[in-house]
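Enquirer: Here you go, one structure.
The values are calculated or read from the model by the stated rules, or taken from the named source; none is laboratory data. From a predicted model like this one, the values you see are computed outputs, not experimental measurements. Counting neighbours? That spans all protein chains shown, and the Cβs are built from the backbone with ideal geometry, glycine included. The protein model used for the area step is the full one, side chains on, heavy atoms only, and it has no ligands, DNA or RNA in it. Shrake-Rupley method; radii C 1.70, N 1.55, O 1.52, S 1.80 Å.
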Amino acid sequence: MTATTTHPPAPALSARRRWTVLAVCCLSMFLVGLDTTIVNVGLPAIGRGLSVGTRSLEWTVDAYTIVLAGLLISSGALADRFGRRRIFQSGLVVFGAASLVCALAPSVGALVAARAVQGIGASMLSPVALAIVVNAMPDPRERAQAIGVWASVFGLSMAVGPVTGGALLAGFGWRSLFWINAPVIVTALVLSAVFVPESRAPRAQRLDVPGQALLTVVIGIWVGALIEGPRIGWTSPAALTVYGFGSLATAGFVWAESRQHAPLMDLRLFRSPVFSSAVLGAMAVFVALNVTLLLNTLYLQNTRGFTPLAAGVATLPMAVGATVCAPWSGRLVGRIGPRLPLTLAGGFITAGGLCLFGLDRHTSVPLLLLAYLLIGIGFGFANAPLTNTAVNGLPPTRAGVGGAITSTARQFGSALGIALGGGLVAHASPEGLAHASHPGWIVVAACGLLLLTMAHASRLKT
């Protein structure tokens, strides 16, 4: 049977089977989200262990997110073409093998390279898991609730990464941050083989190789410019050259996609204010989250002298807020649409960022915990309405690509957040780090205001 063969509709799954499929997909998404943030709390320990500074540490995080963001859409298209379960399981294997290399890495160069390979594996999990869920949940209301659960688990993984990382660092050292992936990978492989049905799009979609290459270059150049900007100088000849190449690559991507019969990213979708708002909002949410997590890690450990475990525990309010509010947001989206939960998301994220605008060496711990709780609540409310809107903006047969576009925006936002936060404090001393981070908290608040504006201006619908 070839990839172009159409397939009869799969029989409807029972309710128990549908929610079991969701649980398996959530397990993989927990892994992807966890690995996006678990390394954050370990950055100081990794730096000491491999004798590297902040800029190299940024690359250990962004090598993963840049590759993940660059390949998500192609992975979604591959899943629609060759089978979602097949690509899903392949991603688990690649991710697991790369995790083992990360755990054994003798140098920062080897670690960054292995993190990039991890990103390849993760790109086969994130959009494909969402596509599997969408395919298994044909009822729109049930699908919205499932996406809320999916977003809750993903949000939980992003938020508890620092807590988990702190506990592992305290007991086993920084290499355990990668060893921990092994049992999760094995469990997900077994469960997916038993419970997840194979599915694919009825018609094959040609892969857009030039578009894929240009998208990866565009993301890499712009994020790399933010990371290396403080070192080379924002207005230096080298920086101006990078900006030029980035602009050419971006223009080339737009031109190439507009001429493709089956483009990697259908730019016509962005003519819709609803779809554009969902993608932009997803990026903004993850910029805010990753700026928060990075600045929090460096501030608590380097300025306040917290242990990695204590710094991770300090983010528990964020994890609680995200975990409680994400499924609630999913139910609200299913009943009344995305506008209210997105408004709540924007309001809470804005409030959390403003709480930390005056951060100094002696800011009270209760204020820190309140700010983390507010940002976590906002993060929890944000994912379901944005994801549901983006998925519904594409035909059902392109569910893999629909999830991939949103996931690409998330991961690009993650990479931007790390680059922005790291750039602000790259040269700051422990004593001056709090003051240097002030623009970062303005960025967090601005992301929240953007969500508020979009919730009312774009008139999002289910």
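Enquirer: Any idea which residue in the range 99-119 is farthest from the chain's Cα centre (by Cα), counting only those that are among the β-branched types (Val, Ile, Thr) and at pLDDT 90 or above?
Expert: Among residues in the range 99-119 that are among the β-branched types (Val, Ile, Thr) and at pLDDT 90 or above, the one farthest from the chain's Cα centre (by Cα) is Val101.
Enquirer: Between residues in the range 211-226 that are free of Cβ contacts under 8 Å to residues at least 24 places away in the same chain and residues that are open to solvent by 10 Å² or more (accessible area, probe 1.4 Å), which pairs lie under 7 Å by C-beta distance while being six or more apart or on different chains?
Expert: Short answer, once both residue conditions are applied: Ala225/Val242; Ala225/Tyr243.
Enquirer: Looking at Leu289, is it under 22 Å from the mean Cα position of the chain (by Cα) and within 19 Å of Leu359 (Cα to Cα)?
Expert: Yes; evaluated as a whole, the condition is true for this residue.
Yes/no matrix, rows are residues, columns are (1) in contact with a strand residue (DSSP E or B) (Cβ under 9 Å, 6 or more places away or on another chain); (2) open to solvent by less than 50 Å² (accessible area, probe 1.4 Å); (3) under 30 Å from Gly47 (Cβ atoms):
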position	(1), (2), (3)
Thr164	no, yes, yes
Trp179	no, no, yes
Val194	no, no, no
Pro197	no, yes, no
Gln212	no, yes, no
Gly229	no, yes, yes
Phe253	no, yes, no
Glu257	no, yes, no
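Enquirer: Separate question: Quick one: would you say Trp234 is at pLDDT 85 or above and either outside any helix (DSSP H, G or I) or in contact with a Lys or Arg (Cβ under 7 Å, 6 or more places away or on another chain) (or both)?
Expert: It is false that Trp234 is at pLDDT 85 or above and either outside any helix (DSSP H, G or I) or in contact with a Lys or Arg (Cβ under 7 Å, 6 or more places away or on another chain) (or both).
Enquirer: Go over the candidates Leu368, Leu332, Leu373 one by one and state the one that is over 26 Å from Thr406 (Cα atoms) and either of a type outside the set (Phe, Trp, Tyr) or modelled with pLDDT of 85 or more (or both).
Expert: Answer to the check: Leu368.
Enquirer: Give the residue that is most open to solvent (accessible area, probe 1.4 Å), with candidates limited to residues of the range 429-454 that are of a type outside the set (Val, Ile, Thr), in contact with a Phe, Trp or Tyr (Cβ under 8 Å, 6 or more places away or on another chain) and more than 20 Å from Ser276 (Cα to Cα).
Expert: His438
Enquirer: Something else now. Count, please, the residues in the range 120-138 that happen to be open to solvent by 10 Å² or more (accessible area, probe 1.4 Å), at pLDDT 75 or above and not in a helix (DSSP H, G or I).
Expert: Total satisfying the criteria: 1.
Enquirer: Against the condition in a helix (DSSP H, G or I), open to solvent by 10 Å² or more (accessible area, probe 1.4 Å) and either polar (S, T, N, Q) or touching a residue at least 12 places away in the same chain (Cβ under 8 Å) (or both), how does Ile66 come out, does it pass?
Expert: When the stated conditions are applied, Ile66 passes them.
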